[in-house]
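All remarks here apply to the structure that follows.
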Amino acid sequence: MIYKKKPELLAPAGNLEKLKTALAHGADAVYCGIPDFSLRTRVNDFSLEDIADGIKYAHKMGKKVYVTLNILAHEDILADIKEHVKILKEIGPDAIFIADPGVASIVKEIWPEVKLSLSTQANCTNSASASFWANQGFKRLILSRELSLKDIALIKRSAGDTEIEVFVHGALCSSYSGRCFLSDYFIGRSANQGDCAQPCRWEYEIKPLGHKKSLTIEEDNHGSYLLNSKDLCLIERLPEIMVAGIDAFKIEGRAKSVYYLANVVGAYRRAIDLIFTNKNKEDIKKELHYLRTELELKLNHRGYTEGFMFKGEDNLQNYEGNFPSSEWEFCGQVISSRALGDKFALKIKVHNTLLAEDEVEIIGPGYKLASLSKLEMKDEKTQELITEAHGGGGEQELIITCEQDWSPLSVLRRKIPKIAL
């Protein structure tokens, strides 16, 4: 199969460190935003100054930064949005994600030249809708996650020069493209204002009318997580999606860690490059299965599904619990590297726990992977040999001697030792 165009790989960024990690591991672009207007009011450490720095950093690498302004705005924040857009115009992101038509009109008035991308929150589900938004000046449409690949391909064929972007990996909502009211109803935190408490992940109970006692909902062999969607993972389906001519593949997860980004972005980067250059279908199939297995076994997730794109609706829900646990955990990130004779000394920022006898793997850009054993570790401050290190907020740094060089922002994981009973 020959593909005419390599799709852009678009990754999330919840702070400047995550932005740099995503770009280092192969993202062509990242999307980010400040808490107030980007549907991520929590676990979002971006300021406008950080976004400006991130844009400069990405542009030096020949990559892009998109800013999310996809809140469904209430009247009282329209004035703030106008001021926000004026600042965005000064710092120059490559596009703005928008869901609200009113916000779009504000952006076009203040910055008519900016590239507009339609957020998935706008629920674009058909070619007529796509044509409408294109006529409003949107150059890219991020389609609803509820569409089949057949529908996506039809929309793409009718879209002309308008770019089409789809989600290929990450968390799913039990609501239509994230437009959910449960969080606001239960505790006054609106998902559509960026403050979702994720009630779809909660365990529920039933309470008879007029009675104080309640009963936890139970299902044989499953549990009671009735709204808990599995996570999307389409890495094995990328060849089929690429045939449809999609312009951009999007990864969800602005609240996720640098470890998540290194693994997921790296795996999808490796997959896209392989598909685009390798004509051997069996080689591609084998590699994609390997990468899918890596993502399944070595990351925490809620179970994987192919979502709606391949009509897998009956396999969307995870009834057994909230966070399936991996046998591996994030334990460090490379800060710098220097030659040390015929080896290399890696300066590591420690996360969680790292023991000298641990089974450790290091992941570099494009999911370059190697195993490390019998670690030789030195405390970076004292230069003393140590046998264990602990993150405790990520303050401890150490030096690890390694056979090969690894670029900054590579990540380390360790297999969690089994505790003898």
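The values are calculated or read from the model by the stated rules, or taken from the named source; none is laboratory data. The shown structure was predicted, so the numbers you read here are calculated from the model rather than taken from an experiment. Positions of Cβ are backbone-derived with ideal geometry, glycine not excepted, and every protein chain shown enters the neighbour counts.
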Among residues of the range 322-340 being at pLDDT 60 or above and assigned to a loop (DSSP other than H, G, I, E, B), the residue farthest from Leu375 (Cα to Cα) is Pro324
Leu72 meets each of (1) in contact with a Cys (Cβ under 9 Å, 6 or more places away or on another chain); (2) touching a residue at least 60 places away in the same chain (Cβ under 8 Å); (3) not charged (D, E, K, R) with one exception, condition (1)
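Please work out which residue is farthest from Ala52 (Cα to Cα), limiting yourself to the range 88-106 and to residues that are of a type in the set (Val, Ile, Thr) and under 26 Å from the mean Cα position of the chain (by Cα).
Filtering the range 88-106 down to residues of a type in the set (Val, Ile, Thr) leaves 91, 96, 98, 103, 106.
Filter again for under 26 Å from the mean Cα position of the chain (by Cα), leaving 91, 96, 98, 103.
Working: Ile91: 5, Ile96: 14, Ile98: 19, Val103: 21 Å.
Selected residue: Val103.
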Of the residues in the range 261-311 that are polar (S, T, N, Q) and touching a strand residue (DSSP E or B) at 6+ places or on another chain (Cβ under 7 Å), the one that is nearest to Asp231 (Cα to Cα) is Thr305
Item to check | Meets criteria (assigned to a helix (DSSP H, G or I), of a type in the set (Asp, Glu), modelled with pLDDT of 85 or more and surrounded by fewer than 16 Cβ atoms within 10 Å (Cβ to Cβ)) for Glu236 | outcome: no
Handout entry: Test for Leu154: is it over 23 Å from the mean Cα position of the chain (by Cα) and modelled with pLDDT of 90 or more
Key = yes
| message | Given the criteria assigned by TED's automatic domain parsing to the domain that holds Ala267, modelled with pLDDT of 95 or more and touching a helix residue (DSSP H, G or I) at 6+ places or on another chain (Cβ under 9 Å), does Ala52 qualify? | response | yes
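Which one of Ile399, Ile348 is surrounded by 14 or more Cβ atoms within 10 Å (Cβ to Cβ), farther than 25 Å from Lys256 by Cβ and not assigned by TED's automatic domain parsing to the domain that holds Leu261?
The unique qualifying residue is Ile399.
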The condition from (1) more than 25 Å from Phe310 (Cβ to Cβ); (2) among the hydrophobic types (A, V, I, L, M, F, W, C); (3) in contact (Cβ under 8 Å) with a residue 40 or more places away in the chain that Ile106 misses is numbered (3)
Scanning the range 267-303 for residues that are surrounded by 12 or more Cβ atoms within 10 Å (Cβ to Cβ), out of contact with any Pro (no Cβ under 9 Å at 6 or more places or on another chain) and either at pLDDT below 90 or charged (D, E, K, R) (or both) gives Arg270, Asp273, Asn278, Glu287, Arg292, Glu294, Glu296, Lys298
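Please determine, by comparing only the residues of the range 127-146 that are assigned to a strand (DSSP E or B) and either at pLDDT below 95 or of a type outside the set (Phe, Trp, Tyr) (or both), which one is surrounded by the fewest Cβ atoms within 10 Å (Cβ to Cβ).
Top of the filtered list is Lys139.
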By residue number, the members of the range 109-126 that are of a type in the set (Val, Ile, Thr), more than 17 Å from Ala159 (Cβ to Cβ) and either touching a residue at least 60 places away in the same chain (Cβ under 8 Å) or crowded, with 20+ Cβ neighbours inside 10 Å (or both) are Val114
- Hey, Ala22 in a helix (DSSP H, G or I) and either outside the structural domain of Ser117 (by TED's automatic domain parsing) or modelled with pLDDT of 95 or more (or both) or not: yes
Over the range 57-92, the set of residues outside any helix (DSSP H, G or I) and small (Gly, Ala, Ser) is Gly62, Ala73, Gly92
_Just checking, does the range 148-168 include any residue being assigned to a helix (DSSP H, G or I), small (Gly, Ala, Ser) and in contact with a helix residue (DSSP H, G or I) (Cβ under 7 Å, 6 or more places away or on another chain)?_
yes
Subset of the range 398-417, residues in a strand (DSSP E or B) and polar (S, T, N, Q), comes to Thr401
